[in-house]
Every structure is written in structure tokens, then in C-alpha cells.
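Before any comments, here is the structure.
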Amino acid sequence: MSWARYKVAITKYKDEEQTSSCLHGQNNMWTPAVDFSTFIADDESIVNEDLVAWVTTGFLHIPHAEDIPNTVTVGNGGGVILRPHNYFDNDPSVESPDAVYIHPDSTEECENNKMACLARDTCGHDLPPFTYNGFDGVMSRTTPACNSSHLHNALKRKHDNSSLVFADLTAGEYQQVRDYMWNQPDLHISHDAFAKPTENFIFMIDLRLPKKDDVLRFLDKGAVIPERSATVVVFHGSRAEIKEYSVGPLPNPKYHKDITQWKYGKDLPINDRTVTIGEYGLLFQFLHTEIFKKLSKILKESFGVQKDRSLNPFEGMPRGIQAGDRQTWVSYFRDMSGMYIHPVGFEVLVNHRSTNASQWRVEKLLYNGQYFESAEELIEKYNGGRINKIVYRKIANYASLKPKVKPTGFGPQQLYLQGKRFSVQNNQVLYLDWSFAFGLSSSTGMRVFDIRFKGERIAYELSVQEAMSVYGSITPGVMLTKFLDSSIGIGRFAHELTRGVDCPYTAVFLDTVRYIDINESKTFRNSICIFEHDTGRPLRRHFSDFFSNSYGGVANSVLVFRTITAIGNYDYIWDFIFYQSGSVEAKVHATGYISSSYKISGSLKYGHQVAENTIGNIHTHFINFKVDLDILGVENVFQTKDMKFVEEELPWLPGKKAFVPHLVEEQLETEEDAALRYGKKIPRYLHIASNQTNRWGHQRSYRLQVVSFTGDHLPDAAPEEKSMSWARYKVAITKYKDEEQTSSCLHGQNNMWTPAVDFSTFIADDESIVNEDLVAWVTTGFLHIPHAEDIPNTVTVGNGGGVILRPHNYFDNDPSVESPDAVYIHPDSTEECENNKMACLARDTCGHDLPPFTYNGFDGVMVFQ
């Protein structure tokens, strides 16, 4: 088994090295017929040779009660993805017949959006009879009759109003809070959606979560529901500070309390603020006057700028190199769809530190890799022929997402043949044994609360905290870029989901309401979807070939709770997935456009060329989740489990020894002990455990199984690292505190040097985590080295990560033994729908009526005027 030493081993192809193991190895492991290490020992050259990759994957299995009756597939697997990397000139899926393209000006066009015609062009589905030949002969009869009224009810509990304690603010509540704040004479808040930086402006209103103790008393002990209130973020331009207020009670607010010091322990200077639409408007006006008017000749000759054709800006962040700075490098791109991969080689550094726009100035310009102190210097050297000029020429839009081929018919669609097995009421979801409440924060995005399985709370909160990217480039617009997406709003950019592409056509779609960077709330239609999904892989199964013959299996149907946020160039697909085995998975996939820069000398140290004069810049993606598990209450401990090989004497063969795997268990005592850093060896099993035991005497627990492919984190010594210190840790366990609600915050992007929230301080006090209310902060992500196949945009395949929350001795056996999706077949059985409902699928289901295709996703896009 020497092949298992290597994650990947590359060898020169040889006909005599066909397999890494062989038929005869099991019973002579000491002098095996095939020893893979000999393939490598000759150390031959692998340059310009026929190469073979030998890839090893797998997982450590420490069996637990939930492996009874047999092991589930959730979290138990591995593999390898073979992905083209600069093999093609662009992504070959541009020719997929499944592409969908929607434009604000388009009418219903089946040519570019076949989903618009799905309901029209399809009909009821004729199912073939169930057949199973594993025992040579079990088969159902085909029964044409369709009983459409036979809709099962799989819900295990009824809806109640308890979830409303976590419900997002309604449109009416947003208006009440806004009007109350507008009417406070001491605040002098502008009513203008495009307020100037010198004015006072409500940037965001969001639900203020009640204290956890109060919520638990309400949920578990029948206490009165906690008072409902909002958090209001005000940019006080008139006095150069940011304030956060608690406003309540709702409805009909009567107070506003300054909570800035309580929340952050410091005052927040005005330049920590997110750039508002109002400030963007002034910035664009400034650039038009100082750049586009002055450089009109150069911009026309170099980039084709004229009356009906301009350039689009994209900015780097943070805005400077030290606290108090507000200097932004603005990079310019062609005014085309998918502008992010059409850089033109022109960048401008604007100093807009003052809230008074008349004091803004241009600090530097970059043109074709050459720096200039002013527009006047660029004009002088351009006209004098002393610079390398860019000459404009038209190009095809290789970034367009319009389908390149006509549809060839519909791919597989997901149907609910006997009705949905989940229900949504208010902000509460019920699904088989599951229930949870949900919300969508404008700043941090998707979150669920009070997650219960079989009536027992598994987690108090599971939520997205931050999405962060660190870029490399030779050009300044990208060189210092470190995006913290919560600072502009992760949930803010959850637009309408497209039926049949973003979510299955038959999913349930929900609206959300938000108030951020506007002067009234906005409803975003169909911005969350919920659906039950057959993964196409059994949850568990076994075919008994030895001794007693039988087949038993459970279909792996899961509930998916999803939103997608399009934050600038990147789109993040956020999924919370609920399995019938009691597991919950938080997963993210990235797609959208890469960030690019114009190719100049030295660019290839920072990425690959992906189009003409276009560099796809290397970058990392780090995602942070908050996982507040409450295992049978709030008095929990943190445990790790792993393995080690121990050489032991064989008791039946004195003097003979063998290496035997041993279980290694440890309980960690303090927050610093439980801050598990990337780059260090981390135990493979991480558990939040109760002191209560299951039937077999083991502590009942849930395991945190992190799936991550992160690149290197920014060194701790980097000045900006404090704002993203959570990314040091694969998992960090802290004692719950109401004032430690989030690992990052709205104000971190523009002051990364002395940030409002530095997650490392959560750990620095090193409190005990024994028999405490514990929170796990989980970081996942991946390294992205862009390549040709990222054109036109990045596919989700292999670009993601997440965490699986798995029961580990929490139950006495696998809870999916009670799944309604179980199938059992025995050689002696006749057709029995009772144990094998698939045998009667064709008889008991009928055609499906599809809803019409609608799309309102352009209702909430940003407008700068």
C-alpha cells in the first residue's frame, strides 16, 4: 500500500506499471507482487514524457452510533476533479444548450432563455415501470391510472409563530424606524437618497437580534417574546463620525440608543464608512471633470471614448495604506457586459478623504504601465511622443453570456410527483424531522436559527459572516486589493433567482425586504429559494451478496435553503442543506467574473493571460461561518479525536509486532487551545459535545467537518490582517457573548489597520470553554489562479467549500432508519410497495403542472443618479 503515502505521485508511463496494487497483495503484504514505491525509486525524468498521475484520497472513519445500521454517505468520501486549465481558449460551456441569458430590455425570448417556455413546451411525464434485476426478477406492473389527489403529508410538526423572534424587519417596520429617526431634531438626518458626505445619512437599517438568553427563555420556558428592535447605522458627515443606534420597540419606536461603544469599544471615524451611492455620484462627477474632460483626446484615441461610448470604473479596496486614508485607485474597463475582463490599462488614484468634495484631488494616474503625477503631465508626455501609447481598436465581447448555440431541448428537471414534503410559513421552514427559522441580513447575508431535528435544538444559529478575497497584481488598482464583502453588504446583493437555473424550476421562491444605501425599503422578489433535492446518490445502502441476500437503501433526498449574492464581479451561491441523517451542511460556491488587469511587463508573476492584454489576477477566497451549536443545552465542551499508529506485540505470536491504529481523544480547555490555525496539524475530528451520554455511554456530540482548499492567509504582520484575523483559523471555539455577534463588520473594509472588529480579540482573553455556551467560527475557501477557462466567467466546479455538521454518538443509531425514503428488497419478496415504494412509482404519480416563468431581478439594481 505504498501508494497511500502520496496525495499525488507523477510517474513516466510504462506498460509494466499498469496498476498501483494487484490481485495478490492482500495475502502477502510483506513482499508484495506490486510495490508502488518502486515506480518512483528509479527517479526518471518527467519532462516532456507520457505521464501518469496516481491520486490517493480517502477519509478517517471513527465509527459511532450513527453508523448503525450502516454508514451514511454524507461526509464519507473523496475524489479528484480533472479540470481544464488553459487547455481551451475560454470556457467550453459557452456552447452549452442549457445557457440562459436575460437582459432588462428583453421580452420573453425562448431563444436565449428556454426556461421561459418550459411550462409551454413540456407535458406530463410518462414514467417507465420500476425494474430491479439484482436478484433476477423483481418488477412492477405498469398502471396507467393516475391518482393526482394522493398527496402525502410528511411533516412531523405544525407551524407556530416562535420563528418571528428572528424574522427580518418588514417594509412597514423599516418605514417606522426611518421616520422615527428622520423626526429626531438632534440627528438632522437627510431624507435624500443621494445625500452628500457632509450630511447625516441612514446607511442601513437591519434587525437587531435579541439577547440569546432572552430568546431561549421565550422558546423553551414560555417567557414573553423579547422586545423587537432595529440597528440603524448613521453616517454623521456633519460631525465626522459613524454611529450605530438601537431603535425600538417595534412596532412604533419610542427610543434610540447609541450602541457604538458597547458594540465596538471605540468611536468610529467617518472615513471608516462604506462609500454610498451619493458619494459615488460625486466621485463620478469629479472624475468626469478632472479626467474625462481634460483627457478627452487621449481617451478617444486610446480607448474609443466618445459621446455614446464611455469607460466603466471598478475600484480597489482598502482605500489607502493606513487608518484615516481615503484614497481610491479607480481602474477603467470597456463599457461592455462582463466589463470586469475588459481592462484598458488606465487607472486613477483619487484622494477623497475630505467629506467636502471640492477638496478632492487626483494624486496619480497609470497609463499602459506608466505613472504620472497629474493629468497635465500625461497630456504633455502623450502629445510629445514620450510614452508608449495604447491605440484603440474594436474587439468582440468575449465576456458576453448570451448563448452561443440554440437550445436542443430541456435537460433533466426536478418534479414533486406527490407534492412537496416541506412547508414555509412566515420565516419558518418545516421538512420531515427538521424545523428552522431564517433571515437575510443586508450586511452578512443568509442565516438560520433554532435548527431542530426531531424536536431537539441542534444549533441556535448558523450564519454567513464574511467573504474575503486577497489579490495580487503589478498594477495598483488590484495590487493592494483585499475585499471584505460584508462592508458593502453580502445580503444587499441577493437579487431574484432564475427559475430552472439558479434553483430548480419547481422550487419555492421567497421575497426579501432590505434597507441599505437608499431612503426607503426595497423588496427583492424571489431572492431566496427552498427545494427538496434528490442528490442522485444513496444516503446509505447495502447489497448483501454473502450469506443472506437482500438489498436495503435510502434515497438521499435533502432540503436546500439557498440564496445567491452578486457582489460586484463575483457571485456566491450560499446553501444550507438538511439531510435525513441529522446532518446540516453549510456550503458556498463561487462563480461570476474574475477580476482582471491590463497586461504590462511583469504581469505574469501575478496570474495568467486569459484574453488579449488581459491578466486574470491570482487571489484567495476565504469564507467565515458562525456555527452556534447547542448540544442538549448550552453547557457544552469541545473535543477532538484522531488516530495514531502504535507498534504493538501480537498476543498470539510472542515476539511479533504490528502497527495498529489507536484512537486519540482530547478535551480542550480554553479559547486559545481551541483556536486551530491553518498551516498546523489539526485533529481530523472536531466535536461540540454535551456531558450527557447516549445508550452506549459516549458523550452526545456534533462533529464539525470542514471542506476547504484555502490558499495562504495574509501574514499576521501585515497591517491589514487585523480586519480578517478570523481567517487564521480553520476552526476557532469561543465562549458565547452577545457583544461578539460577528467575526467581521460593516466598517472593516475602509479601516483594516485599526478595525472596529478584530476577531483575534475574541480569543485573546483565553476564557474557559468547559461546560460553556460555545460558538464555532469556521473558515473555508479556495485559492484561485485564473486561467483561460474562466472566460467568460468562472464555473462552480471545484470552486467552493463549506462545513458539515454531523451527529456523532448524538443518537443511539442512525436516525434515517425512520426515513420515508427507505427501500428494502429480498429475493423471496413479491412486489411490496410497503417496503419498496419505487415499485409503485409509475402507478401512483401523474403529470406535473408547471408555474409560468417570471423574472423581476432588475427591480433592485444600484442607480447612481
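For every residue, the table says whether it meets (1) in contact with a helix residue (DSSP H, G or I) (Cβ under 8 Å, 6 or more places away or on another chain); (2) of a type in the set (A, V, I, L, M); (3) surrounded by fewer than 11 Cβ atoms within 10 Å (Cβ to Cβ).
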| site | (1), (2), (3) |
| --- | --- |
| Glu17 | yes, no, no |
| Trp30 | no, no, yes |
| Glu49 | no, no, no |
| Asp91 | yes, no, no |
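Note on segment 369-401: residues that are without any contact (Cβ under 8 Å) to a residue 24 or more places away in the chain, among the basic types (Lys, Arg), touching a strand residue (DSSP E or B) at 6+ places or on another chain (Cβ under 9 Å) and part of a loop (DSSP other than H, G, I, E, B) total 0. Take the conditions farther than 17 Å from Ala590 by Cβ and not in a strand (DSSP E or B) and apply them to Ser463. Does it pass? For Ser463, the condition - farther than 17 Å from Ala590 by Cβ and not in a strand (DSSP E or B) - is not met.
Checking segment 539-546 against the condition returns a match, with at least one residue being part of a loop (DSSP other than H, G, I, E, B) and either without any contact (Cβ under 8 Å) to a residue 12 or more places away in the chain or within 27 Å of Val72 (Cβ to Cβ) (or both).
In segment 2-25, the residues that are within 18 Å of Ser45 (Cβ to Cβ) form Cβ pairs under 7 Å with partners that are exposed (fewer than 10 other Cβ atoms within 10 Å of the Cβ), at six or more places apart or across chains, as follows: Lys12/Asp50; Tyr13/Asp50.
Within segment 632-649, identify whether any single residue is touching a Ser or Thr at 6+ places or on another chain (Cβ under 9 Å), surrounded by 21 or more Cβ atoms within 10 Å (Cβ to Cβ) and either within 26 Å of Gly802 (Cβ to Cβ) or aromatic (Phe, Trp, Tyr) (or both), and answer yes or no. So far as segment 632-649 goes, yes, one or more of its residues are touching a Ser or Thr at 6+ places or on another chain (Cβ under 9 Å), surrounded by 21 or more Cβ atoms within 10 Å (Cβ to Cβ) and either within 26 Å of Gly802 (Cβ to Cβ) or aromatic (Phe, Trp, Tyr) (or both). As an exercise: evaluate Phe483 against (1) in contact with a Lys or Arg (Cβ under 7 Å, 6 or more places away or on another chain); (2) assigned to a strand (DSSP E or B) and give the number of the one condition it does not meet. Status for Phe483: all satisfied but (1). Just give me the residues in segment 153-191 being loosely packed, with under 15 Cβ neighbours inside 10 Å and touching a Phe, Trp or Tyr at 6+ places or on another chain (Cβ under 8 Å), in sequence order. Result: His191, single match. Among the residues of segment 231-250, those identified as among the charged types (D, E, K, R) and in a strand (DSSP E or B) are Glu241, Lys243, Glu244. Please indicate, with yes or no, whether at least one residue in segment 38-46 is under 26 Å from Gly78 (Cβ atoms), outside any loop (DSSP other than H, G, I, E, B) and in contact (Cβ under 8 Å) with a residue 12 or more places away in the chain. Yes; the residues of segment 38-46 include at least one that is under 26 Å from Gly78 (Cβ atoms), outside any loop (DSSP other than H, G, I, E, B) and in contact (Cβ under 8 Å) with a residue 12 or more places away in the chain. In segment 711-740, the residue that is nearest to Val215 (Cα to Cα) out of those that are in contact with a helix residue (DSSP H, G or I) (Cβ under 8 Å, 6 or more places away or on another chain) and among the polar types (S, T, N, Q) is Thr734.
Annotation: of all residues in segment 513-543 being farther than 30 Å from Ser190 by Cα and of a type in the set (Asp, Glu), the one that is surrounded by the most Cβ atoms within 10 Å (Cβ to Cβ) is Glu532.
In segment 318-345, of all residues being over 24 Å from Gln749 (Cα atoms) and among the hydrophobic types (A, V, I, L, M, F, W, C), the one that is modelled with the highest pLDDT corresponds to Val344. Only a single criterion out of (1) under 30 Å from Val94 (Cα atoms); (2) touching a Leu at 6+ places or on another chain (Cβ under 9 Å) is not satisfied by Asp821, namely (1).
Remark: pairs (first residue in segment 481-498, on the phi < 0 side of the Ramachandran plot and among the small types (Gly, Ala, Ser); second residue at pLDDT 95 or above and outside any strand (DSSP E or B); Cβ separation under 6 Å; 6+ apart in sequence or on different chains) = Ser486/Ser443; Ser486/Thr444; Ser486/Ser744; Ser487/Thr274; Ser487/Leu746; Ser487/Gly748; Ser487/Gln749; Gly491/Ser442.
Among residues of segment 261-292 being part of a loop (DSSP other than H, G, I, E, B) and among the β-branched types (Val, Ile, Thr), the one that is nearest to Glu376 (Cα to Cα) is Val275. Is there a residue in segment 290-301 that is surrounded by fewer than 17 Cβ atoms within 10 Å (Cβ to Cβ) and acidic (Asp, Glu)? Yes: segment 290-301 contains one or more residues that are surrounded by fewer than 17 Cβ atoms within 10 Å (Cβ to Cβ) and acidic (Asp, Glu).
Of all residues in segment 166-190, those satisfying the criterion of being part of a helix (DSSP H, G or I), in contact (Cβ under 8 Å) with a residue 40 or more places away in the chain and over 22 Å from Met446 (Cα atoms) are Gln175, Gln176, Val177, Arg178, Tyr180, Met181. The C-beta contact set for segment 206-232 (first residue surrounded by 18 or more Cβ atoms within 10 Å (Cβ to Cβ), second residue assigned to a loop (DSSP other than H, G, I, E, B) and small (Gly, Ala, Ser), distance under 7 angstrom, 6+ apart or interchain) comprises Asp206/Ser442; Asp206/Ser443. Gly58 meets the stated requirement of being surrounded by fewer than 15 Cβ atoms within 10 Å (Cβ to Cβ), of a type outside the set (A, V, I, L, M) and within 30 Å of Tyr702 (Cβ to Cβ).
Here Asn556 meets each of (1) modelled with pLDDT of 95 or more; (2) touching a Lys or Arg at 6+ places or on another chain (Cβ under 6 Å) with one exception, condition (1). Just wondering, is there one or more residues in segment 805-816 that are modelled with pLDDT of 95 or more, buried (at least 20 other Cβ atoms within 10 Å of the Cβ) and under 17 Å from the mean Cα position of the chain (by Cα)? Scanning segment 805-816, I find at least one residue that is modelled with pLDDT of 95 or more, buried (at least 20 other Cβ atoms within 10 Å of the Cβ) and under 17 Å from the mean Cα position of the chain (by Cα), so the answer is yes.
Entry remark, segment 194-230: residues being under 30 Å from the mean Cα position of the chain (by Cα) and either part of a loop (DSSP other than H, G, I, E, B) or of a type in the set (Gly, Ala, Ser) (or both) number 6 in total. For the residues Asn27, Asn70, the requirement of being assigned to a loop (DSSP other than H, G, I, E, B) and either at pLDDT 95 or above or closer than 27 Å to Asp642 by Cβ (or both) singles out Asn70.
I'd like to know if segment 706-721 contains one or more residues that are assigned by TED's automatic domain parsing to the domain that holds Ser443, among the aliphatic types (A, V, I, L, M) and under 30 Å from Ile68 (Cβ atoms). Within segment 706-721, one or more residues are assigned by TED's automatic domain parsing to the domain that holds Ser443, among the aliphatic types (A, V, I, L, M) and under 30 Å from Ile68 (Cβ atoms).
Against the conditions (1) in contact with a strand residue (DSSP E or B) (Cβ under 6 Å, 6 or more places away or on another chain); (2) among the hydroxyl-bearing types (Ser, Thr, Tyr); (3) over 26 Å from Ala193 (Cβ atoms), Ser238 satisfies every one except (3). The criterion of at least 2 residues that are under 30 Å from Asn556 (Cα atoms) is met, among strands (runs of 3 or more DSSP E) falling completely within segment 583-673, by 584-592, 619-629, 636-649.
The values are calculated or read from the model by the stated rules, or taken from the named source; none is laboratory data. None of the values given here were measured: they were computed from a predicted structure. Heads up, the Cβs are rebuilt from the backbone with ideal geometry, glycines too, and the neighbour counts pull from every protein chain shown.
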